[in-house]
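Asks: Input: one structure, supplied below.
What follows draws every value from the coordinates through simple rules; no lab data is involved. Being a predicted model, the structure only gives us computed values, none of them experimental. No Cβ is skipped: glycine too gets one built from the backbone with ideal geometry, and neighbour counts run over all protein chains shown.
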Ligand code: SF4
Ligand code: SF4
């Protein structure tokens, strides 16, 4: 999130798309309802299904799952035609005025540079700005040049006229116009609008471009960096933000630095040569140097590249994301798996395939408070355990009330969990277990003289005994924040990091959390002088305790807040610095007149947010509509049926509309949590929601002779499951491109373990993912539904 | 593992009612006094809900180390004391008969879990990890670049761990040369 949960109370209009916030993130509605009651804010819900979120909204508009880009493209078109955008914000804070490279073009659904054989954009040199002799981007501040980003974007979305987008999305035209009118009210500088989204946006083959499109909408309306505005992903697990920040992902290392590969990053100089040339990322050499010092201590010196060669280098271009990882497991390439608490047998796409892949492992170490489906994969229904040769460890862990440490919520706020009770039996916190596993592994390398063993042999591990968890966890938190190695003092923040080996820091974005004053994640002071819900002394928000990021954009170019009742920071002429209620997300003394003084998006070299993506996305500079991998209709915007840059694995079966005519999506209920690994073991929750169900419209039910409450079978190209039929008016058939399209949806909380059981929904979903992140397309695939005879 | 029994559910509510009656309160005051009694001398510890990324505050009441109550933390500005059905059920994450409380091991081809000691498990895990790593570690690639990677070990999870633990997972795995590192955020 650019903003945070409490900040929803400051909005004038909330657009919720791809999320059932009221049921799945109930805390969001505490604040949205406050906005509604106290400010008269409006809430809009766009979703395939009428949910409790819709019931609490002022406006609900249905759509076909997988058509978000046509919807946003239609809004762009509406905005360009009506002029309802925040002109000064767009002009000064985005790349709208930049002139696009002469060679850039878009024809027949494809951008310049596509290599059809490789299914990838091999040449992206034209996805750039046109520059002058010195390499500086050319601009037209009148926004009239036909090659400026503003005009190019306008032209790109001319094809997304209301008739076309309503035909694709199935959204009734009057609904589309109501949404457009209501949300674009926030283009007015004194108003802000927020967008709340979740996996309904991301779990698509165009998921990344969906989120780019909604960000572009927020930029057109001048809503980013402002209270009650922003781009707000309602993320899943309690600490999914922290696990992402700590880089438990293949493509990054802590603090969102790229994971090194053996082509581009052969040594530290080569790694640093890929540092962005402008913006705050120019400091990256300090972050990587400090990370290396934190991990390899005295073995990381200036004469050995700060131990950079100890960091593993992936093969250049390798994809080790979840889907790819399971394909490699299936191919027998992966021998051992550490599963620190995940249940892919229920949550993974095409999960029969993934469960089978686990059988290829020689060993699996799993940490979990309950024996979930993945822990029990070797005795899953239909499998003879004697055929499964995997050695499996199930290590008993404590649950959150028995733990010590911090978690980061979706709004980047780090809060502390104090241990309330001891865990039962032999249960232990993960820190203790990881510490013992690390020591056991390291003992194998103590006497080794092999160069390839040095990274593990020399890996620093000086946190004291994990038998005293509060001391151990405290030492880890200190390392994450970092210290000055010359003085031994905790660093005040990432501004103090150095690239010469004199500072150590485990994760630069968390630097500032644990200073000489103590661990700020533990703070519980409730002061909010702004009344905006910023609470700067409650916990600690990265980066540098900023509660709303890009907050320079909350002021006009001269440094004055766009709106007096939403003041966060402003330029103070007398003090000659940015002051206010939030921590400025800007150089504190850079005046509006200084070079870069009106460039709020400090993480980008140009300092301006991008409508035109400069070589950042794998399928092109503007979000373009492609149908889901499995779709009931043809793409009417171009001949390119589905995302031309996605990778297709051969193991994956693709369903055809002739056999599987119904669009299916997956969703959750308030009473369960994801795979149900915990919630299906809590008697209260298990009793509240005991079974898997499939929601369908009365028209579909009538057509298939299905009655409410009966057991039906749902099939896809991957498999078949059974569920209770929930026939409901909440889902309606849609008129799409002249055809009647039915949609159904399933919860995915069930499996063969736990107090309440049910079929695994992800048996149906495809092993195919987004072109940038490879997030699986769980939210739009094809199925059929039939009575069980 | 046992199935959900309605009887167990009812037993629990029955026990609470019986306790209240034996204390001899009149029905009128029951509502006001019961919660107060339960937490009157309890120690309060605050935490953060383990389910969604809402970050709702939770307050735990313990008496002599025994958990007696869990509810929303009214001081936490994020949720001001309220919890949804999941946050409100977190009491049962601790008080729960289904928890795995022993180190369990399943030998190749076996149909059963066996109970093991922590020491045994750590030794075996260390051995297996070193073996898989040593058989697969690439020190230099074909171009002579030092890569120190193994593609034979993978790490999954987990976004329910605390930050400090996640940092250690990330660090230990990379120290081993693991490149197959993923978790729930991807899917
Ligand atoms: S179940 Fe419904 S009525 Fe009962 S407490 Fe919860 S929200 Fe209120
Ligand atoms: S109580 Fe509910 S809304 Fe709050 S963090 Fe927990 S799951 Fe999320």
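Asks: Could you state the number of Å between the C-alpha centres of region A:646-700 and region A:761-789?
Replies: That distance is 9 Å.
Asks: Would you tell me the mean number of C-beta atoms belonging to other protein chains that fall within 10 Å of each C-beta in B:81-88, as a whole number?
Replies: What the average comes to for B:81-88 is 5.
Asks: Could you compute the FRET efficiency for residue A:389 and residue A:740, with r as their C-beta to C-beta distance and R0 at 56 Å, rounded to 0.05?
Replies: My answer for the efficiency is 0.65.
Asks: Send over the per residue convex hull volume for region A:534-619, Cα only, as a whole number of Å³.
Replies: Per residue, the Cα convex hull of region A:534-619 comes to 122 Å³.
Asks: Further question: Just to be sure I understand the model, the point goes 7 Å from the Cα along the line to the Cβ. What's the resulting residue A:108 to residue A:470 distance in nm?
Replies: So the label points at residue A:108 and residue A:470 sit 7.0 nm apart.
Asks: Can you compute the FRET efficiency between residue A:594 and residue A:81 using 1/(1 + (r/R0)^6), with r the Cβ-Cβ distance and R0 = 35 Å? Round to the nearest 0.05.
Replies: Efficiency at R0 = 35 Å is approximately 0.40.
Asks: Just to verify a number: FRET efficiency for residue B:140 and residue A:443, C-beta to C-beta distance, R0 = 22 Å, to 0.05?
Replies: Efficiency for this residue pair is about 0.25.
Asks: What average number of partner chain Cβ atoms lie no more than 10 Å from the Cβ of the residues making up A:515-527?
Replies: 1
Asks: What order do you get for A:226-235, A:54-63 when each peptide is scored by the mean count of other beta carbon atoms within 10 Å, highest first?
Replies: A:226-235, A:54-63
Asks: Mind listing P(r) for region A:662-787? All alpha-carbon pairs, 10 Å bins, whole percents.
Replies: Taking every Cα pair in region A:662-787, the percentages come to 13, 41, 34, 10, 1.
Asks: Report the label-to-label distance for residue B:112 and residue A:188 in nanometres (one decimal), using points 7 Å from each Cα along the Cα→Cβ vector.
Replies: Going by the 7 Å Cα→Cβ label model, 7.4 nm.
Asks: Among A:196-206, A:130-140, A:643-653, A:348-358, how do they line up from the highest to the lowest mean number of other beta-carbon atoms within 10 Å? Provide the component values of the computation, followed by the final result.
Replies: Details: A:196-206: 26.5, A:130-140: 12.6, A:643-653: 17.2, A:348-358: 23.9.
Packing proxy ranking, top to bottom: A:196-206, A:348-358, A:643-653, A:130-140.
Asks: Quick check on the protein assembly as shown: helices-only [θ] at 222 nm, where DSSP H runs of length 4 and up contribute -39,500 (n - 2.57) each and the sum goes over total residues. Nearest 500, please.
Replies: -7500 deg cm²/dmol
Asks: Ok, one more. Given labels modelled 7 Å from the Cα in the Cβ direction, how far is it in nm from residue A:638 to residue A:132?
Replies: 3.3
Asks: Taking each residue of B:138-146 in turn, how many C-beta atoms of other protein chains fall within 10 Å of its C-beta, and what is the average?
Replies: 5
Asks: How far is the Cα center of region A:363-412 from the Cα center of region B:65-90, in Å?
Replies: When both Cα centres are located, 26 Å separates them.
Asks: For region B:137-186, just the Cα set please: Rg and Dmax, both in angstrom.
Replies: Both quantities, over Cα of region B:137-186: 12.7, 40 Å.
Asks: When DSSP beta bridges are limited to those with both residues in the protein assembly as shown, what percentage is antiparallel, rounded to the nearest 5?
Replies: Looking only at bridges with both residues in the protein assembly as shown, the antiparallel portion is about 60 percent.
Asks: Oh, and also: Provide Rg over Rh for the protein assembly as shown; use the alpha carbon set for both Rg and the Kirkwood Rh (inverse mean inverse pair distance).
Replies: 0.94
Asks: List B:78, B:145 from most exposed to least, where exposure is judged by having the fewest other Cβ atoms within 10 Å.
Replies: B:145, B:78
Asks: Same structure, new question: Within region A:95-125, whose backbone N sits under 16 Å from a point 7 Å along Cα→Cβ of residue A:615?
Replies: A:100-105, A:112-114, A:121-125
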